[in-house]
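For reference, the structure is listed below as structure tokens.
The values are calculated or read from the model by the stated rules, or taken from the named source; none is laboratory data. Model, not experiment: these values are computed from the prediction. Virtual Cβ from ideal backbone geometry, glycine too; neighbours counted across all protein chains shown. Each accessible area value is taken on the protein alone, full model and side chains, heavy atoms only, with ligands, DNA and RNA left out. Shrake-Rupley method; radii C 1.70, N 1.55, O 1.52, S 1.80 Å.
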Amino acid sequence: MKQLQTNYYLVMQVLFYDSLDSWKYINESPPKYQDVTTAQVMEVADRYINKNNLNIAYYLRKEGSDTGVPQELAGLPADMRGQIMQQVAMFSQLEDREKLEGALAQYEQMKGQVPPEIAPAMEYMIKGIRLRLEELNNTESGQATDTPEGE
């Protein structure tokens, strides 16, 4: 909830949830999360995680190698970077063109109103939405989608 203590984070959350379905989700989701019991989580884990469908992988980064943080977000605090990258990842999974276009319009409208130090983050999110819309267009037209390394 720390993210909801500043206007910027609050606006970003409201815009994000509104682009997915409804801004009201920001108020409706916490009780739903709190209603989930440990037993329910364990039941789902037991159902889907077993020896037949379990893979374990260890990813070790060489010292001095790329951190995986996009250059546009490198100057932002780690918690903000994570939130923005998570939002872009969620946009990359959306199939609803109308929601994506609505989100793009909202972010485009807001980009001139954010503090200068936040502008790169806003541009990164806009870029992520545009890439997803392009992927959907290419998929519909039967073209292959190539995403550049690191995108």
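Of all residues in the range 15-42, which are within 24 Å of F91 (Cβ to Cβ) and open to solvent by 50 Å² or more (accessible area, probe 1.4 Å)?
Initial filter on the range 15-42 (within 24 Å of F91 (Cβ to Cβ)): 15-30, 32-33.
Within the range 15-42, D18, D21, W23, K24, Y25, N27, E28, K32, Y33 meet the criteria.
Of all residues assigned to the range 53-69, none qualifies as being open to solvent by less than 60 Å² (accessible area, probe 1.4 Å), touching a helix residue (DSSP H, G or I) at 6+ places or on another chain (Cβ under 8 Å), assigned to a loop (DSSP other than H, G, I, E, B) and not β-branched (V, I, T).
Find the residue count for the range 8-39, including only residues that are under 28 Å from R97 (Cα atoms) and either β-branched (V, I, T) or part of a helix (DSSP H, G or I) (or both). Count: 21. Looking at A89, A45, just one residue is part of a helix (DSSP H, G or I), more than 16 Å from the chain's Cα centre (by Cα), at pLDDT 80 or above and surrounded by 10 or more Cβ atoms within 10 Å (Cβ to Cβ), and that residue is A45.
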